[in-house]
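This report refers to the structure that appears directly beneath it.
Bear in mind these aren't lab numbers, they're just calculated from the coordinates by the rules spelled out. Note that the structure is a prediction, hence the values are computed from the model and not measured. Positions of Cβ are backbone-derived with ideal geometry, glycine not excepted, and every protein chain shown enters the neighbour counts.
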Amino acid sequence: MKAVITIWGTIDSEGQRKGQIIYGNVQEGYGKLEGPWGSLLAGRALDLFSRGATENDFLYGHGFSFGFPGNIDNNGPSAGLIGFGVMAAFFSPGIVYATPSLAGLQLAVGLYDPTTLPGGYEATRYARPEAELTYDLQVRSAKLHLFANGLYQDVYLAGRNTKAKAYGVGYGGRIEAGPVHLGVAAHYGPGLGLAYALQSGPISTSDTGELRTFDGYSALLQLVAGRLNFNLGWGISRCFLLESDRVNGMSSILKRQIGYSAAIVMHTTEHLHFSIDALRGDAAWFQGEKQIFTFVNTGMTVTW
């Protein structure tokens, strides 16, 4: 039996205004029971959909590095390759049961508080189911982890019975063979968005109330050389037009984002880690606009 609470904060204030108050954000808060029958978690924790892809990026890409900073005018955590082929698992309140591992095979099923799509479907009626099936195998110095996950949720127009079906599927895996580590992942579904599942905004929902479909693919490679880690990553996230977009015309919608990342991490001690990393982004819109940008970051992480 255990209880967990995690609080996140940053040294950067919003808009780089030194007089702005910095607030702590409670990312997790849950209780968990574990036994021979499996485990039961209740509270706010990382949800199941796209958890494997998020773990790949954390382990082999940006666990100690920055990647994409998101909106650089606001305080916030690093995004790594999220939005560039990696769809983030999110912290959600819910109840999750996981079976015991059976020859490396484990199933986790969860029921979470529903999420609306602000700017489109503002109402929900039922909790959101998610699930993840994983398989783990270790042979001498080699490790294999495979995963497949999914979610489903009905979203409604406020005060009406009109609804849309949002769902997502994700799959992939990672392998560690001595000092070489490789992780790959993919996702697909309507109403997902680019960065995290059920992302609000006009990109997810059209003017006619239809949900656009998204997919993404990512690959991360890590080489461990003593205290040094050399990490490389690539990913692409795409949005697909609806037939109504083509018929009725549209405002400019983001077509795809491609990200290339590289990082060098030095684990000076067990608790002190230095990193320098770069991310190059290549974005394109359906009406022809393009943007290419590069971020270079360096810093230190302290763990305890």
(Q) As an exercise, use a Förster radius of 25 Å and the Cβ-Cβ distance of Gln20 and Trp304 to find the FRET efficiency, rounded to the nearest 0.05. (A) 0.35
Q: Could you bin all the Cα-Cα distances of segment 186-304 into 10 Å bins starting at 0 and give me the percent of pairs in each, rounded to whole numbers?
A: 12, 33, 26, 18, 9, 2
(Q) What number results when the radius of gyration of segment 149-193, computed over Cα atoms, is divided by 2.2 N^0.38 Å? (A) 1.83
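Is the C-alpha gyration tensor of segment 1-102 telling us rounded, prolate or oblate? Criteria: a/c under 1.5 is rounded; beyond that, a/b larger than b/c is prolate, otherwise oblate.
Numbers: a/c = 3.04, a/b = 1.63, b/c = 1.87.
Oblate shape, in that a/c is at least 1.5 and b/c is the bigger or equal ratio.
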Q. Farthest toward the dipole's positive end in segment 1-150, which of Ile7, Gly85, Gly104, given Cβ charges of +1 (Lys, Arg) and -1 (Asp, Glu) about the Cα centre?
A. Gly104
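Within a 10 angstrom radius of the beta carbon, how do Met1, Met87, Met266 rank from fewest other beta carbons to most? Working shown, then result.
Numbers: Met1 7, Met87 31, Met266 15.
Final ranking by Cβ density, sparse to dense: Met1, Met266, Met87.
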Q. Just from the alpha-carbon atoms, what are the Rg and Dmax of the chain in angstroms?
A. 20.0, 60
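Grab the Cα-Cα distance for Asp207 and Phe240, subtract it from 0.36 nm times how many residues apart they are, and report the gain in nm with one decimal. Before the final figure, lay out the partial values.
Numbers: separation 33, 0.36 × 33 = 11.88 nm, distance 1.48 nm.
Answer, rounded to one decimal: 10.4 nm.
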Q: For segment 9-56, run through the chymotrypsin sites (Phe, Trp or Tyr not before Pro) and keep only the ones in DSSP coil with at most 14 other Cβ atoms within 10 Å of their Cβ.
A: Tyr23, Trp37
Q: Describe numerically, in nm with one decimal, the distance between label points set 7 Å from Cα along Cα→Cβ at Leu221 and at Gln287.
A: 3.9
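Sum up the charges of everything whose Cβ sits under 15 Å from the Cβ of His267, counting Lys and Arg as +1 and Asp and Glu as -1, but leave His267 out.
Numbers: positive: Arg227; negative: Glu270, Asp277.
Overall, the nearby charge balance is -1.
Counting pairs of alpha carbon atoms under 8 Å apart in space and at least six apart in sequence, what relative contact order in percent does the chain give?
Details: 851 pairs, mean separation 45.5, N = 304.
That works out to 15 percent.
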Q | segment 215-304: GluC sites (Glu not before Pro) falling in loop per DSSP and having at most 10 other Cβ within 10 Å | A | Glu270
Q: Report, in whole Å, the centroid distance computed from the Cα atoms of segment 107-137 and segment 1-80.
A: 18
Q: Calculate the dipole size of the chain relative to its Cα centre from +1 charges on Lys and Arg beta carbons and -1 charges on Asp and Glu beta carbons; express the result in debye to the nearest 20.
A: 120
Q: Enumerate by residue number the trypsin sites (Lys or Arg not before Pro) in segment 9-117 meeting two conditions: DSSP loop (anything except H, G, I, E, B), and at most 12 other Cβ atoms within 10 Å of the site's Cβ.
A: Arg17, Lys18
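Taking a ≥ b ≥ c as the square roots of the eigenvalues of the Cα gyration tensor of segment 58-149, is the shape rounded (a/c under 1.5), prolate (a/b larger than b/c) or oblate?
Working: a/c = 3.03, a/b = 1.18, b/c = 2.56.
Oblate, because a/c is 1.5 or more while a/b does not exceed b/c.
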Q.
What does the C-alpha gyration tensor say about the overall shape of segment 105-146? Classify as rounded when a/c is under 1.5, otherwise prolate if a/b is larger than b/c, or oblate.
A. prolate
